[in-house]
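Down below is the structure, laid out as structure tokens.
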Amino acid sequence: TQIIQLGDNLIQCFEAVKPLATVLQPPLKHPDFKDVQELVSLFPSNIPVNPFVLHAEFGNFVSHALTHERQTNKKLDTVAKVGKLAEGFKSAFPFTNKAYRLLLMVPVTVAKDEETFSRLS
């Protein structure tokens, strides 16, 4: 039953962060405002983010990233690659960078939870 409970908890975790993946994963596209609103709800309460600001900022970031792809002839085909680009331009796209940092933390958090569970059994 503990394994079933862990599986259920992981499914809930992935459902909770689904807005991050919906907006941020490649291929990059201009997001729907509704998806950005859901993404904003995942930010920690000490980071106030206006969904209108993030929507506009991420739209600009997508345009920048697509231009970067064309100019460098390097595909931004993974979240890690796009996150690295966002990190490089965090002063221009601060909330976009924070969103990618949140998304890139999810696998580490899930792996840590699995490791903790393994030690318990």
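The values are calculated or read from the model by the stated rules, or taken from the named source; none is laboratory data. Not measured: the values here are computed from a predicted model. Heads up, the Cβs are rebuilt from the backbone with ideal geometry, glycines too, and the neighbour counts pull from every protein chain shown.
Data table
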read-out	value
Residue in region 88-97 that is surrounded by 17 or more Cβ atoms within 10 Å (Cβ to Cβ), at negative phi and of a type in the set (S, T, N, Q) present	yes
Failed item in (1) within 20 Å of Lys90 (Cβ to Cβ); (2) surrounded by 10 or more Cβ atoms within 10 Å (Cβ to Cβ), with Thr22 passing the rest	(1)
First in region 1-27 and modelled with pLDDT of 85 or more, second anywhere and hydroxyl-bearing (Ser, Thr, Tyr), Cβ under 8 Å, 6 or more apart	Pro19/Ser41; Leu24/Tyr100; Pro26/Thr78
Residue ID - modelled with the highest pLDDT, chosen from residues in region 98-116 that are of a type in the set (Val, Ile, Thr) and either surrounded by 15 or more Cβ atoms within 10 Å (Cβ to Cβ) or in a loop (DSSP other than H, G, I, E, B) (or both)	Val106
Residue that is of a type in the set (Gly, Ala, Ser) and either in contact with a helix residue (DSSP H, G or I) (Cβ under 6 Å, 6 or more places away or on another chain) or part of a loop (DSSP other than H, G, I, E, B) (or both), where the choices are Ser45, Ser63	Ser45
Filter result (surrounded by 15 or more Cβ atoms within 10 Å (Cβ to Cβ) and in contact (Cβ under 8 Å) with a residue 24 or more places away in the chain) within region 31-58	Pro31, Leu39, Leu42, Phe43, Val49, Leu54, His55, Glu57, Phe58
Residue satisfying condition, being over 17 Å from the mean Cα position of the chain (by Cα), surrounded by 14 or more Cβ atoms within 10 Å (Cβ to Cβ) and modelled with pLDDT of 95 or more, within set Leu85, Leu66	Leu66
